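The values are calculated or read from the model by the stated rules, or taken from the named source; none is laboratory data. None of these values were measured; they are calculated from a predicted model. All Cβ positions, even for glycine, are placed from backbone atoms using ideal geometry, and neighbour counts span all protein chains on display. Surface accessibility is based on the protein's heavy atoms, side chains included, excluding ligands, DNA and RNA. Shrake-Rupley method; radii C 1.70, N 1.55, O 1.52, S 1.80 Å.
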Amino acid sequence: MSDQAAVSLEGIHKFFGNFHALRGIDLTIAKGEVCVAIGPSGSGKSTLLRCINQIEVVSAGRVRICGTLQGYDERNGRLHELSPRAIDRQRRLTGMVFQRFNLFPHMTALGNVIEGPVQVKRIPKATARSHGRDLLARVGLADLADRYPNQLSGGQQQRVAIARALAMEPEVMLFDEPTSALDPELVGEVLDVIKDLAASGMTMILVTHEIGFAREVGDHLVFMDQGTIVEEGRPKQMLEAPKSTRTQAFL
Ligand code: ADP
Ligand code: MG
């Protein structure tokens, strides 16, 4: 069963020193599913994404992406003793988009998109450029491929960041509050791109405060509080009739 899942989390705990940030997270996300995670600030949403992407190493528990046990070295049978290159290969199963887009300022939009494919995946530059242009077209930026980040709006920069993540061909996309740093009038264009991506069948976990988006596009809604999943379910049902008083209070 968990082999079929795009993401399978079993008993995830994360400590920062004595602070218990994730307290036993179990979560299964099917291929093609759009999972939206909500919850108050400090509830562990970013930490969870960072554990899935191996920016952070879990203190306990198992993270599987499309059946691959993250951090596990098949050659020596040990967890968390992977070579940096092997970790990098596993990390590429997920693509991460952050609140702050963090584009390389000295590179054009296209340059940002092809950097990973060329430098990390060693894809020939001409091939990467052609694919990169397709990806920029897909996020509505075909005409702006040669612009530098400071010549783009926040919404355009975030769409470049999404194209950059897609260029590495991840199995799962992770979005950590991708519209929180944007001016309100730019939120819609980024959500539309994420919506198109969802419609194309991309598996994703999206941390957001956009409840309307969760209701409309989400297949699976997760409410986190104090390092636990308090409640999860179908977005419409859960938003209309939350079972937990903690979810009710948050909404
Ligand atoms: P959220 O994204 O839901 O706002 P976070 O995952 O960022 O929450 O943080 C959860 C808790 O873990 C917070 O109390 C935060 O201060 C703490 N935390 C996150 N990262 C670190 C870290 N690197 N070191 C120490 N504490 C951290
Ligand atoms: Mg966060």
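List of remarks:
- When the solvent-accessible area of the stretch 147-251 is split by element, carbon and sulfur atoms take up 43 percent of it, the probe being 1.4 Å.
- Using the Cβ-Cβ distance between Thr127 and His106 with R0 set to 25 Å, the FRET efficiency from 1/(1 + (r/R0)^6) comes to roughly 0.65.
- Along its first, second and third principal axes, ordered by size, the chain spans 50, 49, 34 Å in Cα coordinates.
- Accessible surface, per residue, of the chain when the full set of protein chains is kept, probe 1.4 Å, Å²: 48 Å²
- Residue order by solvent-accessible surface for Leu103, Leu221, Leu251 is Leu251, Leu103, Leu221, largest first, with ligands and nucleic acids left out and a 1.4 Å probe.
- Placed amide H near Arg147: partners under 5 Å, 5+ positions off or other chain: Ala109, Leu110
- Point-to-point label distance, Asp134-Ser200, nm (Cα→Cβ direction, 7 Å offset): 0.9 nm
- Contact order normalised by residue count of the stretch 1-130, Cα under 8 Å, 6+ apart, percent: 21 percent
- Gain on full stretching of the segment that runs from Val120 to Asp26 - 0.36 nm per residue minus C-alpha separation: 30.7 nm
- Value in Å of the Kirkwood radius, where the stretch 174-226 supplies the Cα pairs that are averaged: 11.7 Å
- Distance histogram in 5 Å bins (all Cα pairs of the stretch 160-251, percent per bin): 3, 12, 23, 23, 18, 14, 6, 2, 0
- Taking every alpha-carbon pair within the stretch 1-132, the share separated by more than 25 Å comes to 37 percent.
- Note on the chain: GNM, Cα springs under 10 Å; of Ala126, Ala198, Ala60, the largest mean-square fluctuation is that of Ala126.
- Straight-distance crosslink candidates among lysines, where the alpha carbon sits under 23 Å from Lys236 and sequence neighbours closer than 8 are dropped: Lys31, Lys45, Lys195
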